[in-house]
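Have a look at the structure below, then the notes.
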Amino acid sequence: MGGVDAVTEVLWESDGLLEAPRPLPDGSVLFANTTAGGVYRWSDGNVSTVLEKRRGIGGIAVHADGGFLVSGRDLAYAGPAGLRTVWAADGATGLNDLTVAPDGSVVVGVLRHQPRRGEAAGPTELVQVAPDGGTRVLASDLLWPNGVGYAPDGTRLYVCEYAAARVRVIGPQGASVFAEAPRGECDGLAVDVEGGVWVALGSGGGIARFDSGGALVELIEVPGRFVSSLAFAGTAIYLTTIGALLRMDVGVPGSEIPAAAMQID
């Protein structure tokens, strides 16, 4: 299986479940602490607070105007004027991970259960929020939607189902099961330029790479860590875990994610 021999660097350690790494063009990385709250920026070994207190953030997206979007209890925009809601799902307990589509719309998973209370995950939606605020349901039967990302050509969309430990693919022919976790769960997700789909395995203590046909081709150990999410910056992958922000070089570049183009009133 595969030939990646990645060295894991520990960039920063902190209490809490870290999530939603988002590398920026200047070499810094945004990430969230879902349990303690807040969004932080790592840069050259230093960490600063960018957004205070907000808990439950599962996804961060850069906005075209220089601000950024975060999930949580709703989809919110963080800019010079502070935090404002741009979209919320009726009756939801929150919004989880997200990505940006080629047209600048945002694709985000809806939560309708309370994980911290031990509630079981029932079927829920993956929603595309257009730049003008219009919405479209892409799938409605996902068991705890999590990491989400587009194939390099934009024709297929991958989404993790955490409670089912699998990845679904949504394409021109509809939705189907793409791959199943070799161990643990399917949490965060990122796609490389070759069409490989990288998945954070949660309690499985590692990350997996599936080829564009869904075959498992890499399994990289991250010993002793619950791996929640991952994101590319060139050939480097930034990982968030319970308690740490990590980095490893995997030798293949990630597929670029565009900036969100949602209108902010």
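The values are calculated or read from the model by the stated rules, or taken from the named source; none is laboratory data. Because the structure is a prediction, the values reported are computed rather than measured. Cβ placement follows ideal geometry from the backbone for every residue including glycine, while neighbour counts extend to all protein chains displayed. Side chains included, ligands, DNA and RNA excluded: accessible areas come from the protein's heavy atoms. Shrake-Rupley method; radii C 1.70, N 1.55, O 1.52, S 1.80 Å.
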TODO: For G2, state whether it is open to solvent by 10 Å² or more (accessible area, probe 1.4 Å) and either under 23 Å from L69 (Cβ atoms) or modelled with pLDDT under 95 (or both).
DONE: yes
Task: Residues of segment 189-214 classified as assigned to a loop (DSSP other than H, G, I, E, B) and touching a residue at least 24 places away in the same chain (Cβ under 8 Å), total - done: 7
Task: Qualifying positions in segment 232-264 - β-branched (V, I, T) and closer than 28 Å to T135 by Cβ - done: T240, I257, I264
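Would it be correct to say that G72 is free of Cβ contacts under 8 Å to residues at least 24 places away in the same chain, open to solvent by less than 20 Å² (accessible area, probe 1.4 Å), out of contact with any Leu (no Cβ under 6 Å at 6 or more places or on another chain) and under 21 Å from G37 (Cβ atoms)?
Spelling it out, G72 is indeed free of Cβ contacts under 8 Å to residues at least 24 places away in the same chain, open to solvent by less than 20 Å² (accessible area, probe 1.4 Å), out of contact with any Leu (no Cβ under 6 Å at 6 or more places or on another chain) and under 21 Å from G37 (Cβ atoms).
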Open item on the list: Here is a check on your reading of the model: is V199 among the β-branched types (V, I, T) and either surrounded by 24 or more Cβ atoms within 10 Å (Cβ to Cβ) or in contact with a Pro (Cβ under 9 Å, 6 or more places away or on another chain) (or both)?
Closed with: yes
Task: Index of the failed condition, A81 passing every other in (1) under 18 Å from P131 (Cα atoms); (2) modelled with pLDDT under 95 - done: (1)
Open item on the list: Among the listed residues S14, S43, S48, identify the single one that is of a type in the set (S, T, Y), open to solvent by less than 70 Å² (accessible area, probe 1.4 Å) and in contact with a Lys or Arg (Cβ under 6 Å, 6 or more places away or on another chain).
Closed with: S48
Open item on the list: What's the number of the only condition in (1) outside any strand (DSSP E or B); (2) open to solvent by 20 Å² or more (accessible area, probe 1.4 Å); (3) in contact (Cβ under 8 Å) with a residue 12 or more places away in the chain that C186 fails to meet?
Closed with: (2)
- [ ] Report yes if L142 is farther than 20 Å from R54 by Cβ, in a strand (DSSP E or B) and either touching a residue at least 24 places away in the same chain (Cβ under 8 Å) or in contact with a Cys (Cβ under 9 Å, 6 or more places away or on another chain) (or both), otherwise no.
- [x] yes
- [ ] Among the residues of segment 216-238, count how many are surrounded by fewer than 19 Cβ atoms within 10 Å (Cβ to Cβ) and charged (D, E, K, R).
- [x] 1
Open item on the list: When you check G82 against the structure, is it over 26 Å from A36 (Cα atoms), more than 16 Å from the chain's Cα centre (by Cα) and without any contact (Cβ under 8 Å) to a residue 12 or more places away in the chain, yes or no?
Closed with: no
Task: Leading residue by the ranking (farthest from V106 (Cα to Cα)) among those in segment 153-182 that are β-branched (V, I, T) and open to solvent by 60 Å² or more (accessible area, probe 1.4 Å) - done: V177
- [ ] Would you check if S255 is closer than 29 Å to V47 by Cα, within 15 Å of the chain's Cα centre (by Cα) and open to solvent by 20 Å² or more (accessible area, probe 1.4 Å)?
- [x] yes
Task: Among residues of segment 75-131, those that are buried (at least 16 other Cβ atoms within 10 Å of the Cβ), among the charged types (D, E, K, R) and outside any strand (DSSP E or B), counted - done: 1
